[in-house]
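The values are calculated or read from the model by the stated rules, or taken from the named source; none is laboratory data. Since the structure is predicted, the reported quantities are computational estimates derived from the model, not experimental observations. So basically every Cβ, Gly included, is an ideal-geometry build from the backbone, and we count neighbours across all protein chains shown.
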Amino acid sequence: MEGPYYVNNQPLILYQWELDFELDKEELSIVPLWVKFPGLPVSYWSVEALSKVVSAVGRPIHTDMFTANAERISYARILIEVDVSQPLTEQIVIETPSRPWDQPVEYEWRPKYCNECLKFGHNDVDRGNN
């Protein structure tokens, strides 16, 4: 079925089993996140243009039905693989024929990820680190 999969509205990440898999050594930092691009100009709603826009944030996985069918043009919504060990992109600049466009990026969920211990569940700040 190829996902995406959710449990209690949180992403469930599945990987193909490998014979030499070791749970303790697996450092997971790339997760799927639903991302919205509010007010994205309609001229950037083609598959090719959306792919380029989304690639500035991460790797596109899945476009929601309303975005794919352009049924709700107030924002585009796409599931994107994002490396949460890096700061999340808050805005991208799109070069339009007339001028640069500052495009806001909104995340439906922001996972807590600690860059110190490389685990989910808390941020560096939650541990008292700045």
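Scoring ILE13 on the criteria (1) out of contact with any helix residue (DSSP H, G or I) (no Cβ under 7 Å at 6 or more places or on another chain); (2) among the hydrophobic types (A, V, I, L, M, F, W, C); (3) within 30 Å of ASN123 (Cα to Cα); (4) at pLDDT 90 or above leaves a single failure, condition (4).
Taking the range 72-90 as the range and being more than 13 Å from the chain's Cα centre (by Cα) and either modelled with pLDDT of 90 or more or surrounded by 15 or more Cβ atoms within 10 Å (Cβ to Cβ) (or both) as the test, the residues that pass are SER74, TYR75.
Each residue in the range 69-108 was checked for being among the aliphatic types (A, V, I, L, M) and assigned to a strand (DSSP E or B), and 8 pass. Kindly list the number of the only condition in (1) surrounded by 14 or more Cβ atoms within 10 Å (Cβ to Cβ); (2) in a strand (DSSP E or B); (3) free of Cβ contacts under 8 Å to residues at least 24 places away in the same chain that fails for LEU33. Unmet for LEU33, out of (1) surrounded by 14 or more Cβ atoms within 10 Å (Cβ to Cβ); (2) in a strand (DSSP E or B); (3) free of Cβ contacts under 8 Å to residues at least 24 places away in the same chain: (3). Which pairs do you get when a residue that is in a strand (DSSP E or B), found in the range 49-68, comes within reach of a residue that is surrounded by 15 or more Cβ atoms within 10 Å (Cβ to Cβ) and not charged (D, E, K, R), reach meaning Cβ atoms under 6 angstrom, with the pair 6+ apart or on two chains? Close Cβ pairs (under 6 Å, with a partner that is surrounded by 15 or more Cβ atoms within 10 Å (Cβ to Cβ) and not charged (D, E, K, R)) amount to PRO60/VAL54; PRO60/ILE78; PRO60/ILE80; ILE61/PRO32; ILE61/LEU79; HIS62/LEU79; THR63/ILE78.
Applying the criterion of being of a type in the set (Val, Ile, Thr) and over 23 Å from VAL31 (Cβ atoms) to the residues of the range 42-71, the residue that is modelled with the highest pLDDT is VAL47.
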